[in-house]
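> Here it is, the structure in full.
The numbers here are math on the coordinates, done by the rules we state, and not lab data. Computed from a predicted model, the values in this text were never measured in an experiment. Because the Cβ atoms are built from the backbone with ideal geometry, glycine has one as well, and the counts that use them run over all protein chains shown.
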Amino acid sequence: MNVKQSMREILQAESRAIAEIPVTDQYERAVDLIVEHVHRRHGKLITSGMGKAGQIAMNIATTFSSTGTPAVNLHPSEAQHGDLGVMQPDDVLMLISNSGKTDEIIQLVNLARGLYPQVPLIVITGGVDSPLAHMADIALFTAPAPEVCPLGLTPTTSTTMMTVIGDVLVVNVMNKIGFSRADYAKRHHGGYLGQVSRS
């Protein structure tokens, strides 16, 4: 198989996976929860994940921050060495784990609830019956699609779906808070997007 053929198959496979992400009422609940805790109670969104999922969590946090919803990314291992101190009572946690069984993320939930038991937990996972899904206040599931990696192991399709779920949340929170082009410009002073937002 040449690269063009492989590319077509990967595009089709990942497109199918995205289209199969379950559309549920949990998304509206998640949006309302973020708006309540961040914009009404003046807490923040804390995202976390391990490995590739951690990179998606960081991307989600930075995208939320740039669109008017204060968010930080917390590395689950560093949380065990004092960084959990970034958490405050009115925050909301968003944890990402494809399996829903990642040890460091499960430990983070236990640590967070030991500090502030009332902090709500949004989970993005492919593990419908996983420990993390059962711990969550709101669970957002990816579609049960195989990774496009030829080994079936490397996070590829799963991270694509996680990114899209993050985009769904970001866009709908932006709509909910009435985030404007002028608001965007205040947060983007440099680069092309900064120029475009002020034009």
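> I'd like the distance separating the alpha-carbon centroids of the stretch 1-77 and the stretch 126-184, in whole Å.
Comparing the Cα centres of the stretch 1-77 and the stretch 126-184, I get a distance of 4 Å.
> Taking the Cα centre of the stretch 1-132 as the origin, how large is its charge dipole in debye, to the nearest 20, when only Lys and Arg (+1) and Asp and Glu (-1) carry charge on their Cβ atoms?
I would put it at about 240 debye.
> Which of the lysines could a cross-linker span from K176 if the Cα-Cα distance has to be under 28 Å and same-chain partners fewer than 8 positions apart are dropped?
Once the sequence-local lysines are set aside, what remains near K176 is K44, K186.
> Please build a GNM for the chain, connecting alpha carbons under 10 Å apart, and tell me which residue among T125, T102, T24 fluctuates the most.
T24
> Calculate, axis by axis, the spread of Cα positions in the stretch 63-199 along the three principal axes, and write the results as whole Å, longest axis first.
Over the stretch 63-199, Cα extents along the principal axes are 48, 41, 27 Å.
> Straight-line reach only, C-alpha to C-alpha below 15 angstrom: list the aspartates and glutamates that K52 could link to, leaving out same-chain residues fewer than 8 apart.
D103, E104, E147
> Using a Förster distance of 25 Å, how high is the FRET efficiency between V168 and H188, based on the Cβ-Cβ distance and rounded to 0.05?
Efficiency, rounded to the nearest 0.05: 0.70.
> Shape call for the stretch 84-153 from the C-alpha gyration tensor, a ≥ b ≥ c root eigenvalues: rounded (a/c under 1.5), prolate (a/b greater than b/c) or oblate?
Prolate, because a/c is 1.5 or more and a/b exceeds b/c.
> Hey, any idea what Rg/Rh is for the stretch 1-85, computing Rh the Kirkwood way over Cα pairs?
1.12
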